[in-house]
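**Student:** Okay, here's the structure, questions in a sec.
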Amino acid sequence: MNEQLRAISELDRVIHEPGRLMIVALLAVVKECDFLYLLHETEMSNGNLSTHLTRLEEAGYVEIEKTYRGKVPMTLLRLTRAGRAAFEDYRKALKAAFLTARSVP
Amino acid sequence: MDRPRRYENVDGTGEMAMGVMMLSFALVGYLSSVLPEGALWRKNGLATFEILPIIFIPIWAFQHWGVKAIKRHFTWPRTGYVAYRRGGKFWWKAAVVCFAGVVLGAGGVCLTVLARRFHAMSLERAVYLAILLAAYAFSVLRSGTEHAWKGLVVIFMALGLIAIALVVPGDAVQLFPPVALFLGLVWLGSGVATLYLYIRHTQPRAPEAE
């Protein structure tokens, strides 16, 4: 196994988990969204989504803002600059690893 | 990941906006045909700066109040709120779209001039109608397979455009008002049907602990 392929083991594990990867991939293409949108798109349970978001917030990848629309409480979510950079690095690392794996005889 | 982009029209507001735009064009075409020959708006044919507010005010009003009201009352409580990124890529894409618009417009003028020179009006009309149909078909393809019935709308639109082309005489300018009216109604109808199905198949969520 060469060095580049070994890079798979060094992928960012916070993002690499499938549930969190879904969340980060969705947040990467929007400016911000609310909790309900992520719930609808990922089809996770409230608790599961909340746990993943907390983990991403602890890593500094996601910003969570509790606000109101009229009288209805709303949780706004957006990717931080660090989160966006981490996702971009993750995407590049994974792509490089796949390209390497394809070239291995 | 173009899923959030498709989400923009999950409630049919994109199609409704297109419908309102086409109906505005139809109104302008109608006004041009009923106003006296010497009226200010008829000096340069269909498109003069004086009539641009008639096109843009309904579109702006629908985008500003109509779309926001639909999103606020139906979409956001059901499937959530999304704000789209308007970063560097957005302006780059907008520039490409503007450039493509200018190229298409110039192509249209060339087509009209050539068609008039060689008396090939039917070709000119067919090209214009094909472009309008392709625009809707592209938007249907882009929305994915969620609404298979929109394929039938494309077929209905094609048949309607062919029928209008056969019945209405004259060049593309004379053909435009009935075509705009037909397309506006179809687009608006398709948008309303999408909204109806969206409301019917998605229930608002009760506020829960997040």
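Please treat every number below as a calculation from the coordinates, not as lab data. Just so it is clear, the structure is predicted and the values come from calculations on it, not from any experiment. Cβ atoms come from the backbone with ideal geometry, glycine included; neighbour counts cover every protein chain shown.
**Student:** Got a sec to turn the phi values of region B:67-79 into Karplus ³J(HN,Hα) couplings, 6.51 cos²θ - 1.76 cosθ + 1.60 with θ = phi - 60°, whole Hz, x for Gly and Pro?
**Tutor:** Going residue by residue, I get 4, 4, 5, 5, 4, 5, 8, 10, 6, 4, x, 8, 10 Hz, with x marking Gly and Pro.
**Student:** Students often get this wrong, so check it: of A:LYS31/B:LYS71; A:LYS31/B:LYS93; A:LYS92/B:LYS93; B:LYS68/B:LYS150; B:LYS71/B:LYS93; B:LYS71/B:LYS150, which have C-alpha atoms separated by over 20 Å?
**Tutor:** Values: A:LYS31/B:LYS71 17 Å; A:LYS31/B:LYS93 17 Å; A:LYS92/B:LYS93 23 Å; B:LYS68/B:LYS150 24 Å; B:LYS71/B:LYS93 25 Å; B:LYS71/B:LYS150 22 Å.
Check vs 20 Å cut-off fails for A:LYS92/B:LYS93; B:LYS68/B:LYS150; B:LYS71/B:LYS93; B:LYS71/B:LYS150.
**Student:** GluC sites (Glu not before Pro), restricted to region A:32-64: which are DSSP loop and have at most 12 other Cβ atoms within 10 Å?
**Tutor:** Those that pass, being in a loop and sparsely packed, are A:GLU43.
**Student:** Then there is this: For A:ARG69, which sequence-distant residues (separation of 5 or more, or a different chain) have an amide H within less than 5 Å of its own amide H, given hydrogens modelled in the peptide plane?
**Tutor:** Counting only residues 5 or more places away or on other chains, the set is A:MET74.
**Student:** Could you work out the helix-only [θ] at 222 nm for chain A, with each DSSP H run of four or more residues adding -39,500 (n - 2.57) and the total divided by the number of residues, to the nearest 500 deg cm²/dmol?
**Tutor:** Numbers: 6 runs with 63 residues, N = 105.
Per the formula, -18000 deg cm²/dmol.
**Student:** Across region A:56-66, in residue order, what do the Karplus-derived ³J(HN,Hα) couplings come to in whole Hz, using 6.51 cos²θ - 1.76 cosθ + 1.60 with θ = phi - 60° and x for Gly and Pro?
**Tutor:** 5, 5, 4, 7, x, 8, 10, 9, 10, 10, 8
**Student:** Further question: Pull up all non-local amide H partners of B:ALA83: gap of 5 or more, or a different chain, and H-to-H distance under 5 Å with H placed in the peptide plane.
**Tutor:** A:LYS31, A:GLU32, A:CYS33
**Student:** Turning to a different aspect of this structure: For A:23-32, what's the mean count of beta carbons from other chains sitting within 10 Å of each residue's beta carbon?
**Tutor:** On the way: counts 0, 0, 2, 5, 1, 3, 8, 10, 7, 5.
Mean inter-chain Cβ contacts per residue within 10 Å come to 4.
**Student:** So which trypsin sites (Lys or Arg not before Pro) in region A:6-105 end up in coil per DSSP with only 13 or fewer other C-beta atoms within 10 Å? Mind showing how you got there, number by number?
**Tutor:** Working: sites: A:ARG6, A:ARG13, A:ARG20, A:LYS31, A:ARG55, A:LYS66, A:ARG69, A:LYS71, A:ARG78, A:ARG81, A:ARG84, A:ARG91, A:LYS92, A:LYS95, A:ARG102; in loops: A:LYS71.
Answer by residue number: A:LYS71.
**Student:** Now, a different point. Mind listing the phi-derived Karplus ³J(HN,Hα) values for region B:159-166, rounded to whole Hz, using 6.51, -1.76 and 1.60 with θ = phi - 60°, and x for any glycine or proline?
**Tutor:** 5, x, 5, 5, 4, 4, 4, 6
**Student:** Between A:ILE8 and A:VAL72, what is the label-to-label distance in nm when each label sits 7 Å out along the Cα-to-Cβ direction?
**Tutor:** It is 4.4 nm.
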